[in-house]
Amino acid sequence: MMLMTGEQYIESLRKLKTRVYMFGEKIDNWVDHPIIRPSINCVAMTYELAQDPQYADLMTAKSNLTGETVNRFAHLHQSTDDLRKKVKMQRLLGQKTASCFQRCVGMDAFNAVFSTTYETDKKYGTHYHENFKKFLEMVQREDLVVDGAMTDPKGDRGLPPHKQKDKDLFLHIVERREDGIVVSGAKCHQTGSINSHWHIFMPTQAMREEDKDFAVSFACPTDAEGMYMIYGRQSCDTRKMEKDNQIDVGNPKFGGQEALVVLDNVFIPNEYIFQAGEYDFAGMMVERFAGYHRQSYGGCKVGVGDVLIGAAALAAEYNGAQKASHIKDKLIEMTHLNETLYCCGIACSAEGWKTEAGNYQIDLLLANVCKQNITRFPYEIVRLAEDIAGGLMVTMPSETDFKSDLKVGRNGETIGEICNKFFAASPACTTEERQKLMRLIENMCLGAAAVGYRTESMHGAGSPQAQRIMISRQGNIEGKKQLAKDIAGIK
């Protein structure tokens with residue numbers, strides 16, 4: 001068993017026959033496509049840091065299945081210390097990439113499916129848990145990336161799965177065979193799906209008996225026959241395709257990725273099935289995955305926030321405004337909000353508990369509080385960053401203009417010379433350095449990286465109301481009422 005390097009991971013993707021479509025065309029060499037490659041570089045960083053001795057404690061762990069050292073993204077949490085290290089690892093990677101590094105959904109799926117299959121087998125005498133353990137041993141042994149796929153298109157939200165006009169709007173079983181099942185449907189908003197070797201599919205919501213064909217979970221290779229991806233559009237994404245224009249991209253090396261994953265009558269062998277009609281356990285799998293993923297945001301979003309706070313502080317310095325009291329106060333507020341999110345991620349980890357299967361689950365109430373704060377605080381951090389940076393980050397001429405030798409001035413000045421003259425700032429930076437910084441802030445606040453830092457903060461791992469429902473369930477209002485009665489002397 002060996003941990004792959006980042007380069008080995010990238011080369012491993014070339015061996016896959018993943019079917020990728022973008023802008024109405026099939027993308028054959030998607031590994032080197034300028035829009036897709038930055039997201040691959042982010043995943044590669046999860047491999048690179050695992051090779052670095054100074055990060056070994058965070059990035060790797062001892063497998064409870066094999067006893068070997070594995071990448072923490074392929075690990076089953078064995079303690080509250082593991083849960084805390086997960087959050088710290090995610091913050092580290094957010095700091096290193098300022099983007100979504102895409103492996104969290106797979107890690108969270110592993111832990112949710114592991115405990116749910118154990119309890120399913122206990123009730124029904126099925127063999128899903130052994131299926132999953134064998135699958136995960138392969139993932140650990142080969143050091144693979146696995147995407148966790150939960151979100152169905154859902155169609156008419158007022159109707160349950162079995163009443164949808166088009167049943168494919170929820171992933172479902174269309175045929176049962178002795179050697180496996182055939183499934184059809186799709187999963188949308190899939191983070192890092194194209195960059196994964198395998199997928200784990202899970203139901204998207206709690207199910208009733210009439211929806212049992214939609215209560216399905218399984219593993220599937222990314223290039224399985226009948227499976228294909230349609231790449232998601234991001235704000236400012238085609239800047240990555242502009243020649244000699246890396247500054248305007250904002251973050252030229254790293255980026256996120258989302259796709260629609262379509263399964264067109266895909267056959268799944270028995271050994272990769274983890275749920276097939278046990279509708280009463282669909283809700284458990286969803287709830288446990290959501291809990292882990294809501295915990296995750298207390299790490300990854302905080303790491304990206306660290307970069308944005310640093311960029312805002314630099315912008316103030318480059319603008320010559322770093323000594324202004326209101327700038328200092330805004331940076332303090334950004335830091336306060338960011339560290340509050342981190343506190344939530346650490347708290348729900350520290351209060352974790354051991355499942356029947358043996359791995360550790362986070363505290364669900366605190367994880368939902370964490371994600372509820374994530375739906376708000378990054379938006380305020382972004383607002384303050386935009387306030388400090390100023391309007392230049394969205395009205396600045398292009399990099400091509402800054403480099404243009406077209407003469408337009410009275411004295412023969414070029415467009416490039418004029419741009420560099422009028423957009424000069426404090427002696428703390430060159431005009432180009434300020435240009436790079438402004439585009440980085442734009443990228444994170446409004447551009448491609450805003451998918452992962454803003455909108456994903458709102459809707460990823462469940463939209464705000466989903467957390468409020470869980471907070472209501474977990475908040476123990478009756479117990480709190482009793483505390484008040486006891487203190488007041490009410491019998």
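The values are calculated or read from the model by the stated rules, or taken from the named source; none is laboratory data. What you see is a predicted model, and the numbers here were worked out from it, not measured in a lab. Heads up, the Cβs are rebuilt from the backbone with ideal geometry, glycines too, and the neighbour counts pull from every protein chain shown. The area values use the complete protein model at the heavy-atom level, side chains included, leaving out ligands, DNA and RNA. Shrake-Rupley method; radii C 1.70, N 1.55, O 1.52, S 1.80 Å.
Note on region 145-183: residues that are surrounded by 22 or more Cβ atoms within 10 Å (Cβ to Cβ) and assigned to a helix (DSSP H, G or I) amount to 1.
Which residues, counting only those in region 1-55, are small (Gly, Ala, Ser) and within 19 Å of VAL139 (Cα to Cα)? Residues satisfying the conditions are GLY6, SER12, ALA44, ALA50.
Among the residues making up region 300-314, those that are under 12 Å from LEU384 (Cα atoms), crowded, with 21+ Cβ neighbours inside 10 Å and either small (Gly, Ala, Ser) or in contact with a Gly (Cβ under 9 Å, 6 or more places away or on another chain) (or both) are GLY305, ALA311, ALA312.
When GLU417, GLU432, GLU442 are screened for being more than 36 Å from the chain's Cα centre (by Cα) and surrounded by 13 or more Cβ atoms within 10 Å (Cβ to Cβ), only GLU417 passes.
With a requirement of 1 or more residues that are open to solvent by 10 Å² or more (accessible area, probe 1.4 Å) and within 30 Å of ILE374 (Cα to Cα), the helices (runs of 4 or more DSSP H) lying completely within region 28-144 that satisfy it span 37-50, 56-59, 80-97, 104-124. Take GLU333 and tell me if it is touching a helix residue (DSSP H, G or I) at 6+ places or on another chain (Cβ under 8 Å), more than 20 Å from GLU442 (Cβ to Cβ) and in a helix (DSSP H, G or I). Against the criterion (touching a helix residue (DSSP H, G or I) at 6+ places or on another chain (Cβ under 8 Å), more than 20 Å from GLU442 (Cβ to Cβ) and in a helix (DSSP H, G or I)), GLU333 qualifies. Being within 19 Å of ALA109 (Cβ to Cβ), surrounded by 22 or more Cβ atoms within 10 Å (Cβ to Cβ) and polar (S, T, N, Q) is the requirement here; does GLN205 meet it? No.
In the condition set (1) open to solvent by 10 Å² or more (accessible area, probe 1.4 Å); (2) of a type outside the set (Gly, Ala, Ser); (3) within 29 Å of MET45 (Cα to Cα); (4) within 20 Å of the chain's Cα centre (by Cα), GLN257 is compliant with all but (1).
Looking at the structure I just gave you, is ASN195 open to solvent by less than 10 Å² (accessible area, probe 1.4 Å), in a loop (DSSP other than H, G, I, E, B) and at pLDDT 95 or above? Yes, satisfied. Taking the criterion of being surrounded by 22 or more Cβ atoms within 10 Å (Cβ to Cβ) and touching an Asp or Glu at 6+ places or on another chain (Cβ under 6 Å), the only residue of region 216-246 that qualifies is ARG239. Kindly establish whether LYS212 is basic (Lys, Arg), open to solvent by 10 Å² or more (accessible area, probe 1.4 Å), over 30 Å from SER184 (Cα atoms) and outside any strand (DSSP E or B). No. In region 316-338, the residues that are within 23 Å of THR430 (Cα to Cα) and at pLDDT 95 or above form Cβ pairs under 9 Å with partners that are part of a loop (DSSP other than H, G, I, E, B) and hydroxyl-bearing (Ser, Thr, Tyr), at six or more places apart or across chains, as follows: GLU317/SER426; TYR318/SER426; ASN319/SER426; GLY320/SER426; ALA321/SER426; GLN322/SER426.
Against the condition of a type in the set (A, V, I, L, M, F, W, C), in contact with a Leu (Cβ under 9 Å, 6 or more places away or on another chain) and either surrounded by fewer than 24 Cβ atoms within 10 Å (Cβ to Cβ) or not in a helix (DSSP H, G or I) (or both), how does LEU365 come out, does it pass? Here the answer is no, as LEU365 does not meet what is asked.
Of all residues in region 50-62, those that are without any contact (Cβ under 8 Å) to a residue 60 or more places away in the chain have Cβ atoms under 6 Å from Cβ atoms of residues that are open to solvent by 40 Å² or more (accessible area, probe 1.4 Å) and of a type in the set (A, V, I, L, M, F, W, C), 6 or more apart or on another chain, in ALA50/LEU3. Count, please, the residues in region 351-371 that happen to be within 30 Å of ALA385 (Cβ to Cβ) and in contact (Cβ under 8 Å) with a residue 60 or more places away in the chain. Selection size over region 351-371: 6.
ASP264 fulfils the conditions (1) in contact (Cβ under 8 Å) with a residue 60 or more places away in the chain; (2) buried (at least 18 other Cβ atoms within 10 Å of the Cβ); (3) of a type outside the set (A, V, I, L, M) except for a single criterion, (2).
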